[in-house]
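Derivation of every value follows stated rules applied to the coordinates shown; laboratory data play no part. What you see is a predicted model; the values in this text were computed from it and never measured. Cβ coordinates were reconstructed from backbone atoms using ideal geometry, including for glycine residues, and neighbour counts include every protein chain displayed.
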Amino acid sequence: MDSVLDRIHTPADLHGLSIPELEFLAGELRQLIIETVSKNGGHLAPNLGTIELTLALYSVFSFPEDKVVWDVGHQAYAHKILTGRRDRFATLRKKGGITGFPNIRESDYDAFGVGHASTSISAALGLAIARDLLQKDGHVIAVIGDGALTGGEAYEALNHAGAMGIPLIVIVNDNHMSIDANVGAMNEYLTRIRLAPEYRKAKRDMTSLLRSIPHIGDTVYKTASHIKDGVRAALVAGNLFEEMGFHYVGPLDGHNIHTLKEIFSQAKQSNEPVLLHVCTKKGKGYAPAENAPDRFHGIGKFDIETGKCVPSTSAPPTYTKVFSDALISLAEQNRRIVAITAAMPSGTGLKAFGARYPKRFFDTGIAEEHAMTLAAGMAVSGLHPVIALYSTFAQRAFDQLIHDVCLQDLPVTLALDRAGLVGEDGPTHHGVFDLSYLRMMPNMTIFVPKDEEELRHMLSTAVKLSAPTAIRYPRGCGLGVPLSEDFRDIPIAKAELLQEGTDVALLALGTMVHVAEEASKILSDQDISCRVVNMRFAKPVDKTEILKSAEETRHVVTLEENVLAGGFGSAVLEVLSDADVSVPVMRIGIPDEFVEQGTRQEQLSCYGMEPDKLAERILHFLKD
């Protein structure tokens, strides 16, 4: 068969395709996605699993008049290709290219911007309400992975949507996975539905029986929904979705385009909320991704033939690995240490902790708010929880961190992985706000290690404190410094003077310490003497060192991989202001904007945060 993809210019072009043509197109989409992700990196397995689902949607509905919201958005590559972005798909996740997630500024077909889990039903309900109030036409669909159904916002939205009763279609993409395997009662509940052939047989038998009644069979069938519900309730231990006000249909084969088209066509006619339970296989059509969907959820460049990642030069261990190993060692010494994560045991390094201490490890699913208050409950009872989250996802537990942890001054350690700029995932995933929002919380101590060795000692120090603590560290490999076998305490609010200097003080935090050291070498060639300080703490800051640096150099530069608004630089200005010390200060960090996608080095370069550009900025600062 000749290429079908070459004939697709707008989603409307799918409406006239036959089932064989759609199935052939599915193969073409898979090939294009695999080839592109192998070169650019990205979310492979979840996108391969939703291709037939996407084709069925686009061959039945009329987008963009109809609206679809993709939860998280890491399963929307086929959607992007089919909506006029095929020619730019090679730029996926590159600077200036198309984003890895739906983005309302990128296309009219992207009905809502996403990147974090469990938001789709809330957004879709908002779109549906606006449609009705503005007296517009069109259908609204939310596609939510079953992993996102561990998030509380999804249930808040289901509860509201069911009570309102307005037309809305929710598709549960049930693939058994989020990033790691799903956990919790909802996963078990969906499994019972999937594995209940007696329900499907009973439903078919009940339908045949009712419709066989002479003259009135069809009428009886249409009015006997309570009987059908009773069968389902008896065999599947109650249907949660029906109880919440949704008409439930499923489970359905998510790779059978013919079946999906029929069901979607029927759902279009409904005047009530409908929930379609669709079963898909993560990584469908590419054996390495099918066999290891967790590894291929988000992956860098890889060899298509073998599925192996493109080898890189020998690299130091990642910050995540160093954190994981250190926590396991500390937990051996201290039985009060427990570990918590929110659906990210592999990504945060806690999978190894769970294997070593299964009774002391807790995966809450995509439920950061619950995870934080769970930690508080453990802490108030005498344990010391270490809750490991990506910085961008920790934002979701902001209130719980203030109200349940800090207000009660509880010994909870928040390990913030992927802090700072994270590269190609773009603005939805950068961890550049944590220093600002953590600084405002009373009782909080914020550790920021300059390298992987200091991370170990800061973690050891934090778990000894009877108060809230946070440690933020970056994505990727460490600097390759030697790692000690033992742990030592880091004095709270005590900076580390790395280099004396008389012309300018470089007060650096975390990843920017090494950058400051390199910039000082460049400046020394131009007879600029730099005082370089590893500040170590964003709160409490070392006031003595700040004032001494200001006094001895009369020029201060602060460096942080965080937004400037309310960050470490602001803390330094507060110290100087409170002491009535007036010296020129230049703050280096992320300005008041969202950072677009690109490599991390491209992003650092853009904001003048690489050694050579930093040295140039400091020279201008001193001249001015």
ask   = When the helices in the chain are scored as -39500 (n - 2.57) per DSSP H run of 4 or longer and the sum is shared across all residues, what 222 nm value do you end up with, to the nearest 500 deg cm²/dmol?
value = -11500 deg cm²/dmol
note = Residue separation between residue 489 and residue 253 times 0.36 nm, minus their alpha-carbon distance, gives in nm 79.4 nm
request  = With N denoting the number of residues in the chain, provide Rg(C-alpha) divided by 2.2 N^0.38 Å, to two decimal places.
outcome  = 1.07
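Counting pairs of alpha carbon atoms under 8 Å apart in space and at least six apart in sequence, what relative contact order in percent does the chain give?
Values: 1259 pairs, mean separation 70.7, N = 624.
Relative CO of the chain lands at 11 percent.
Mean separation of Cα pairs under 8 Å and 6+ residues apart, divided by the residue count of the range 449-581: what relative contact order is that in percent?
On the way: 212 pairs, mean separation 34.2, N = 133.
Taking the mean separation of contacting Cα pairs over the length of the range 449-581, I get 26 percent.
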query = Using the alpha-carbon atoms, what tilt in degrees (0 to 90, nearest 10) does helix 225-236 show relative to the longest principal axis of the chain?
reply = 60
task = Please state, rounded to one decimal and in Å, the Kirkwood hydrodynamic radius that the range 351-400 gives when every pair of distinct Cα atoms enters the mean of 1/r.
result = 11.6
note = The helix 257-268 Cα axis meets the longest alpha-carbon principal axis of the chain at an angle in degrees, between 0 and 90 and rounded to 10, of 90
inquiry  = Please rank 58, 109, fewest neighbouring Cβ atoms within 10 Å first, as an exposure proxy.
reply    = 109, 58
Ranked by how many other beta carbons lie within 10 Å on average, peptides 25-32, 468-475, 373-380, 419-426 from highest = 468-475, 419-426, 373-380, 25-32
request  = Express in nm, to one decimal, how much length is gained between residue 527 and residue 315 on full extension, taking 0.36 nm for each residue of separation and deducting their alpha carbon distance.
outcome  = 72.9 nm
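What's the local net charge at residue 51, with K and R +1, D and E -1, over the other residues with C-beta under 9 Å away?
Numbers: positive: 30, 284; negative: 52.
Residues close to residue 51 contribute a combined charge of +1.
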request  = Write down the percent of antiparallel bridges among all DSSP beta bridges whose residues are both part of the range 324-459, to the nearest 5.
outcome  = 5
inquiry  = Rounded to the nearest 5, what % of DSSP beta bridges with both residues in the chain are antiparallel?
reply    = 15
key: Ranked packing of 386-394, 325-333, most packed first, by mean Cβ within 10 Å   = 386-394, 325-333
request  = Arrange 50, 553, 320 by Cβ neighbour counts within 10 Å, fewest through most, would you?
outcome  = 553, 320, 50
query = What's the extension gain from residue 355 to residue 87 if we count 0.36 nm per residue and subtract their Cα-Cα distance?
reply = 92.0 nm
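Test of understanding: ordering 79, 139, 370 by Cβ neighbours within 10 Å, fewest first, what list do you get? Write down the numbers at each step before the final one.
On the way: 79 26, 139 21, 370 18.
Ascending number of Cβ neighbours within 10 Å: 370, 139, 79.
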